[in-house]
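Colleague: Here it is: the structure, laid out below.
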Amino acid sequence: MGACCSDAAGGNYSGGHADNNYMNGDSEVSNIIPSLSGSRGLPSYVQLQLSASNLRVNDCSQKADSMVVAYVKKKDGSWEEIGRTEVVANSLDPVWVTNVERTYSFEENQQLMFRVYHVDFKFSGTPTENLPLSEQVLLGEVECLLAEVITTRQPLTKEIQKPKEQSETDGNSQHLGTLVIKVQETVHSKSLVEIGFHCSELDNKELFSKSDPFLKVSRFTGYGNPLQVYQTEVKANNIHPTWRPMKATLQHLCSGDMDRPLKIECYDFNSSGKHDIVGSVQLSLKELQEMAETCNDVELKRVLDGKVGGKLCVQSFTINTYNTFLDYIFDGYELSFMVGVDFTASNGNPLQQDSLHYIDPSGKLNVYQNVIQAFADIISVYDTSKQFYAWGFGGRPIDGPVSHCFALNGKVATAAEVTGIPGIMHAYSQALRHVALAGPTLFAPVINMAASIASEYLSQEKKRYFVLLIITDGVITDSGPSITALVKASTLPLSVFIVGVGGADFSEMEILDSEKHGMVTPDGQLAVRDIVHFVAMRGDLLNAAALSKALLAELPRQFLAYMDLKRRREENDNSQENRKLMPTSSRVATVLGPDSSPIQLRAEAWISKVDLDLCSKGIVIS
């Protein structure tokens, strides 16, 4: 409809996903994927390459006809098969060509199992997917976390173990060989496709104005059904629309297959939700690329009557590859876990069972322990040192005043490191014996301490990113200083995740979530990136594991935003350094020519880069 009575307000309404203004650089893919997938997470697609050495069959002189079957552990504890290799015949040191593909998400700990089978000769020539495993010889198995494979700097090597049901009866002293697991991210996960669509001569579906068109792009599933992967914004009152460029990863659009057809549909928007089809066409990415190169257009036809509803043109088509979260992990970046625990009196007497800090003699974890365990289980895999900072705030240590940043291990706050998750749990339980609960609830001291440590590592140019978890049962009373601390920390390799536990009203805490509101200090300083995410532990997130998953899904995106900031800052520093060398006016260099006669060279751009070299050779710059 037209501007005066259009269903699409302002022409920018999105019937689904609308492309936003994305940052350039490493963070671009990270901003796009969540909006495409409907998830805050940042999934990657990885391939696991498998090989083995010194396999042992029942008869040690016999060589194996072996294959590997891969499984992932489900929530109920059962194992789900996710892939099989081919059979490598007559070898005790097989290298399998068929890779196991898996979706990697940082916020999930995926437990994998690889079972190595010796395939009976009578099944020779049988496709591996049809092999009945019960009729093959199970040589052994290996279990590991997917994150363990990813964070190992070298290919992960594991001893093959007897199946649990066998080792329980006859032990596992026998050497069964080793399994080697390599991992690589598929390039399709980090290849960003950008396509500029334009339509012309669209059918007008309205009586008193023009159509309000938008495009839907769908891929076809294995069952032949279309699955929507993208939707443009609506262009109001326009039968010759040009939309903002579509941006999506190659993996998301076609799993890397440029020949796979996509269904592109043009609709006229209606506020009722019953949009009128203008026309559609099926084209592969390769064909769309050719359209951009040749400037050809195609007809949009209606399936029911075959009539042409307009023409589709591809104005631009580019594919660029960006660094992903896994690229940096493979390059050696590590994640350091920090935790700040609320010791204010509102938590209740730790000796009473209704206290949030009650330590159950049976070993049952309290809410603070549950949250710490769930977070650290995921993050600790990405830290080879296993040294974690653990602080408390709002408590009164023995013979001292109330402190808003004290080490749980009893040392000074700057020496709050403990070893591993058991170290955190021990320091926490010991602190409850020696620290009186007090108040008020102040976050700024802990945030500033974490930022100070992150800044120190940054100055040392170490490949380390810090993750601070703050667990609290109440609303902060220093929102101004906390916001100032967070804004300053937004330039550092640091993310802050805040979990509200207990029954307090946490609505005021939303002010700390800079993604929702934009964080500005009282004096007007703006956070350069989003580093905070707050969630209250209730409703669907009452389970600590679900809560940590929901929060940590944000981390890769924040990490990439920092790396993009770091890259742009370095580029700016280099640019400023070059400008310092650039002359403000033309200069002359006097050098000797081939015949030893003096030659004066007037230059501008090149002389700033040559000055030092010329001077080192004794050439006078005038």
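Colleague: Distance from the Cα centre of segment 371-443 to that of segment 180-219, in angstrom?
Modeller: 49 Å
Colleague: Same structure again: In nm, to one decimal, how far is the Glu570 label point from the Arg260 one, both placed 7 Å along Cα→Cβ?
Modeller: 3.4 nm
Colleague: By how many nm would the segment from Glu159 to Arg433 lengthen if fully extended, with 0.36 nm per residue of separation less the alpha-carbon distance?
Modeller: Details: separation 274, 0.36 × 274 = 98.64 nm, distance 4.30 nm.
Fully extending the segment from Glu159 to Arg433 adds 94.3 nm.
Colleague: Right, next: State in Å² the accessible area per residue of segment 278-426; use a 1.4 Å probe, count heavy atoms of protein chains only, and round to the nearest integer.
Modeller: About 45 Å² of surface per residue is accessible.
Colleague: Once R0 is set to 25 Å, what does the formula 1/(1 + (r/R0)^6) return for the Cβ-Cβ distance between Thr477 and Asp523, expressed as a FRET efficiency to the nearest 0.05?
Modeller: 0.80
Colleague: Can you tell me how much longer the chain between Glu299 and Glu194 gets when fully stretched, taken as 0.36 nm per residue apart minus their C-alpha distance, in nm with one decimal? Walk me through the numbers on the way to the answer.
Modeller: Details: separation 105, 0.36 × 105 = 37.80 nm, distance 2.14 nm.
Gain in length upon complete extension: 35.7 nm.
Colleague: In this model, which of Lys216/Lys286; Lys73/Lys164; Lys158/Lys463; Lys162/Lys549 are farther than 24 Å apart at the alpha-carbon?
Modeller: On the way: Lys216/Lys286 18 Å; Lys73/Lys164 15 Å; Lys158/Lys463 27 Å; Lys162/Lys549 33 Å.
Cα-Cα > 24 Å for Lys158/Lys463; Lys162/Lys549; rest within.
Colleague: Further question: Given a cut-off of under 8 Å on Cα pairs at least six residues apart, what relative contact order in percent is computed for segment 118-269?
Modeller: Result for segment 118-269 is 21 percent.
Colleague: Same structure, new question: Given R₀ = 41 Å, what would the calculated FRET efficiency be for Thr178 paired with Lys274, taking r from the Cβ atoms and rounding to 0.05?
Modeller: It comes to 0.10.
Colleague: Apply 1/(1 + (r/R0)^6) to the Cβ-Cβ distance of Val137 and Asp505, taking R0 = 56 Å, and write down the FRET efficiency to the nearest 0.05.
Modeller: Taking R0 as 56 Å, the efficiency between Val137 and Asp505 is 0.35.
Colleague: Give the lysines whose C-alpha is closer than 22 Å to that of Lys411, dropping any in the same chain fewer than 8 places away, or say none.
Modeller: Within the straight-line cut-off, Lys411 pairs with Lys386.
The values are calculated or read from the model by the stated rules, or taken from the named source; none is laboratory data. Keep in mind the model is a prediction, meaning the values are calculated, not measured. Using ideal geometry, Cβ is built from the backbone for each residue, glycine included, and neighbour counts are taken over all protein chains shown. Areas reflect the complete protein model, heavy atoms only, side chains present, ligands, DNA and RNA absent. Shrake-Rupley method; radii C 1.70, N 1.55, O 1.52, S 1.80 Å.
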